[in-house]
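Here is the structure we will look at.
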């Protein structure tokens, strides 16, 4: 047998090479630089990497050519890395979105002013909480700069996840993005036990979900005789035997991906991990992981299993309704800001799944409507900015024990720090979908898409859940502006550096602009085209 040298499209895959290359360089810096000299090079390297990858993504996106798929459909992009990676319009948009959120993640990771000159990450992760070793590391001001290479590896996995052209590449991307996040969740400087518990829960449940995904991939391979999405799509449309094998494979693959997006009934990890992880990690994870996982879910369902649509749509109806109802109802009874935002995230997952139920092609829509892909992409944009901005503000409100996340500490915050309270209220209003915010346009796009596909019962549940969500968002706004401070005192807004305050301002501006002038971004989402099939 002759060996055929594999060919890589280096120019089109440059964003991936930049991020993974910088992550490897970061590991080398950890090995050779003295500990006290690592922080600045790591921060600069990480920021240059994500900005450089974003520039490369824009350049690649402006030079895409039209590709004709196996089914005769035409879309912008190419199938690279011997069919393992697909660079098309949706891939470019998702890459750009992930990298923009990664810039915010690097900025929040690098913040030191809030903790008195050290980062929010523990000085020595191997030390047991409460021991002399941990206290010594804290006293010396040590910090783990390994968090920056871990962040870059997670970003690289997020970029590869929605661009995967086969199940094996998608599984590798799933693990590459997940493993660094498991570690990052356990590195909080304060409340170490809570942070370690969050990391352990995330790791164990994530390992189970990865097992489900891998077993589902094996079943689908047994059905189709191929792991590539094009090959699976061809087998599905040909109507091969063992249809039960295909349905079981779809179900198990869906479990793995629905866990990553935090959909019910696979959401149990979300509130504990969001609460226990360092808030900078929570902010990045809440936005970036959701974007990457929904991109992968859309590609898998629309490209590989598009011909089996009427088998997986009823499943998504149930999951979407359960996510919206469970997330909205449980968020009402929370008394911790991070847990409230976590259950809010579960509800938003249901809203996004409602958009996935829409029609797949823009050609099937009436004028003024958006396809499911366009609606979900725009919603991910609005959701990501609101989440990063909200969690960035959470890092600012503090008391003697660190971040003050209990509701009591937010009572009367609007009187002591009106600008911070107003910004947080605006993010909450956007999540609630109030007009003139980005969240309203995002919900309108996904609801319109779902209605065009006849999923009106799900849309009715979504509207009802949105009304319930308004209740707990407004409750928190009322707590900040119209409630007397708690007798034990209100949390104090700590002065941050430009890294955190700049992140909040950018997210606030994006949320406002996308609500008032959404046209350019909606046009950009529409121009991305469809997946290469």
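Computed from the coordinates by the stated procedures, all read-outs in this text should not be read as laboratory data. What you are looking at is a predicted structure, and each value in this text was computed from that prediction instead of being measured. Glycine also receives a Cβ, built like all others from the backbone with ideal geometry; neighbour counts cover every protein chain displayed.
Tabulated values for the structure
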read-out	value
Diffusion constant of region 274-345 at 20 °C, which comes from Stokes-Einstein with the Kirkwood Cα-pair radius and 1.002 mPa s, µm²/s	152
Highest-first arrangement of 259-268, 242-251, where packing means the average Cβ count within 10 Å	259-268, 242-251
Tensor-based shape of region 170-280 (alpha-carbon gyration tensor, a/c under 1.5 rounded, otherwise prolate or oblate)	prolate
Quarter of Cα convex hull surface for region 376-533, i.e. mean projection, nm²	11.3
C-alpha long axis of helix 147-160 to longest principal axis of the chain, angle in °	20
Nearest-ten-degree value, helix 243-261 long axis tilted from longest Cα axis of the chain	20
Theoretical ellipticity at 222 nm over the chain - DSSP helices of four or more residues, -39500 (n - 2.57) apiece, nearest 500	-22500 deg cm²/dmol
Relative contact order, percent, region 228-387 [alpha-carbon distance under 8 Å, six or more residues apart]	28
Extension gain (nm, one decimal) between residue 7 and residue 238, 0.36 nm per residue minus Cα-Cα	80.2 nm
For peptides 422-432, 45-55, 112-122, sequence by mean Cβ density within 10 Å, most packed first	422-432, 45-55, 112-122
Degrees separating the helix 14-32 axis from the principal Cα axis of the chain, which is the longest one	40
Mean-position separation - Cα centroids, region 455-502 and region 1-55, in angstrom	38
Ratio Rg/Rh, restricted to the chain and using Cα atoms, in which Rh is the Kirkwood radius	0.96
Peptides 386-397, 163-174 ordered by average Cβ neighbours within 10 Å, highest first	386-397, 163-174
Stokes-Einstein D in µm²/s, Kirkwood radius over Cα pairs - region 432-492 at 20 °C with 1.002 mPa s viscosity	156
Overall dimensions of region 367-432 by Cα: Rg and Dmax, Å	15.8, 56
Footprinting exposure proxy for 144, 406 (fewest neighbouring C-beta atoms within 10 Å first)	406, 144
Stokes-Einstein D (µm²/s) once Rh is taken as the Kirkwood radius of region 242-369 over alpha-carbon pairs, at 37 °C in 0.692 mPa s	212
Relative contact order [Cα under 8 Å, 6+ residues apart], the chain, whole percent	16
